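Asker: Below is a structure I'd like to ask you about.
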Amino acid sequence: MKVVFLLAAALCGAVLSTARADAPEPADLIITNARILTMDAERRVLDRGTLVITGREITAVGEPALAERYAADTVIDADGDIVMPGMINTHNHMAMIAFRGLGEYAVEDRLFEFFFPLEKELLSRELIRVASRQAAIELALAGVTTVTDMYYHEDEVAHAVKDVGIRGVLGQSIIGFPVVDAEEPWGGLDYAVGYLEAFADDELITPALAPHAPYTVSPDKLMETKALAEAHGAPMLMHLAEFYEEKAMIRERFPDVPADKSIVGYLDELGFLGPNLLAAHVIMVDEADMAILKKRNVGVAHNPKANTKGLTGLSPAWDMKQMGIDVGLGTDGPMSSNQIDIVSVMGYAARVARVLHRDGTLFTPVDLVEMATIGGARALKMDDRIGSLEAGKLADVIIVDTGSANMQPLYDPYAAIAFQAYPGDIHTTIVNGRIVARDGVVTTVDRAAHAVEWRKITDEVAAFAKTLN
């Protein structure tokens, strides 16, 4: 491991004796000797750069001499490792990690034969809290500093995410039938009010509303959800145009929806679309639909691994990006794609687009790293705070080992990140200026206590899953 922690006093003495007579400015954490991918507007790459963090924010990013101006209790000598913005997972269902790996053997309808029975029998506040913590641990170790989630008891998800110390845009689900946190259809709306208020000013959690999909939420409830979101200044998260049968499902359940409109056209005519919406999947769309999404400034979460595994189709993500739509990368839930890191999604997104369009030039390494960082931030309308390494932005930073076998040779850092890296190459994850994972260990969680809770959950799931076989 090439990360070295130094005492500020020792560094200060060296700086004062060799470089400058005036006292250095105080900081909390300094990273030196780093290959920095800033992901700023100029896409600056600093080969031996310095990054300074004070409190929650990045104070300065620049050349090696910058380190002489500051003194900090913790200094990390990156020794040439890549320093870049933390990755953003724009779509997940974290608590589903409790069910990961089940129903993978030739099940005709995995959703109805495995997933729905598991949810009905086992979902609880405790499972959602513990499983979400497990997912957050995995995300932190994989360099995901912001996760976007849709599920039930989202306040429990929020507590789990905060326990680990990563950032979350977390949507309370609203759906047209009874679920674990609501005995009546649409009960998530009432549940959401207290949730939105409880986390309104949280440093790490952005509370959101998650109307599940156009085929599970009626037109009037969609607009009620939008009104509630606007009243609280909250984002909305939604599955959109994901399935071949989706338009027929909408018409079957809500006969008053215009038959001559596409799904996107219907939502636009309804007045539902807007810049506070992040739409997941967005597969069954044409050029006219994409033009509407661009016009309404809707963000898109692209989930190529889940979409191909579930045979739901190939998203025209390249076309959307070319039209100027803000596209970030997501994984969907751990039952859909199993892996929830973003490192492995980057190269996969390129492969899917190149096969779909029969063009081997699509999605350059820079494009892919952009979607994993600042692109995801733009899709969430959070690019003024996260997604790039710039002074004044929140200090969400990761350090990637360049000495691992798979990262050699390293001619182009973007190509190495997009096509060579594994999640395990990320050895340091910093969120809000705080080190939350280092050298394969999450530093914020009592691992032994968590392991006891997690084992109890997985034992219960395993026992019930046997009855489904």
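The values are calculated or read from the model by the stated rules, or taken from the named source; none is laboratory data. Being a predicted model, the structure only gives us computed values, none of them experimental. Here the Cβ positions follow ideal geometry from the backbone for every residue, glycine too, while neighbour counts run over all protein chains shown. Just so you know, the surface numbers come from the protein's heavy atoms only, side chains and all, with ligands and any DNA or RNA stripped out. Shrake-Rupley method; radii C 1.70, N 1.55, O 1.52, S 1.80 Å.
Asker: Beta carbons within 10 angstrom, averaged per residue: use that to sort the peptides 445-457, 283-295, 135-147, highest first.
Answerer: 135-147, 283-295, 445-457
Asker: A follow-up question, please. Given a 1.4 angstrom probe, what's the average accessible area per residue across region 304-410, in square angstrom?
Answerer: 33 Å²
Asker: Which whole-number percent is the relative contact order of region 138-179 (Cα, under 8 Å, 6+ apart)?
Answerer: Once normalised by length, the contact order is 46 percent.
Asker: Let me ask something else. For the chain, which whole-number percentage of the solvent-accessible area (1.4 Å probe, protein heavy atoms only) is attributable to carbon and sulfur atoms?
Answerer: Here it works out to 52 percent.
Asker: For Cα Rg over 2.2 N^0.38 Å, one of (1) 0.99; (2) 1.16; (3) 1.05 was computed from the structure I shared and the rest are decoys. Which label?
Answerer: (1)
Asker: Now, a different point. At Lys466 and Ala23, where each label point lies 7 Å from the Cα along Cα→Cβ, what is the point-to-point distance in nanometres?
Answerer: Going by the 7 Å Cα→Cβ label model, 6.7 nm.
Asker: A follow-up question, please. By how many degrees, between 0 and 90 and to the nearest 10, does the Cα long axis of helix 187-198 differ from the longest principal axis of the chain?
Answerer: Roughly 20 degrees, rounded to the nearest 10.
Asker: For region 208-285 and region 419-447, compute the distance between their C-alpha centroids and round to whole Å.
Answerer: 36 Å
Asker: Given a cut-off of under 8 Å on Cα pairs at least six residues apart, what relative contact order in percent is computed for the chain?
Answerer: 19 percent
Asker: For region 155-206, what is the accessible area per residue in Å² when the probe is 1.4 Å?
Answerer: Counting only protein heavy atoms, the per-residue value for region 155-206 is 38 Å².
Asker: I need to check one value: relative contact order of region 47-94, counting alpha carbon pairs closer than 8 Å and at least 6 residues apart, in percent.
Answerer: The value is 27 percent.
Asker: Compute the long axis of helix 154-164 from its Cα atoms, compare it with the longest principal axis of the Cα atoms of the chain, and write down the angle in degrees, 0 to 90, nearest 10.
Answerer: With both axes taken from Cα atoms, the answer is about 20 degrees.
Asker: Given the -39500 (n - 2.57) contribution per DSSP H run of 4+ residues, what per-residue ellipticity at 222 nm results for the chain, rounded to the nearest 500 deg cm²/dmol?
Answerer: My calculation for the chain gives -10000 deg cm²/dmol from helical runs alone.
Asker: Using protein chains only and a probe of 1.4 angstrom, how many square angstrom of Phe177 are accessible, to the nearest 10?
Answerer: Spelled out: Phe177, probe radius 1.4 Å, area about 90 Å².
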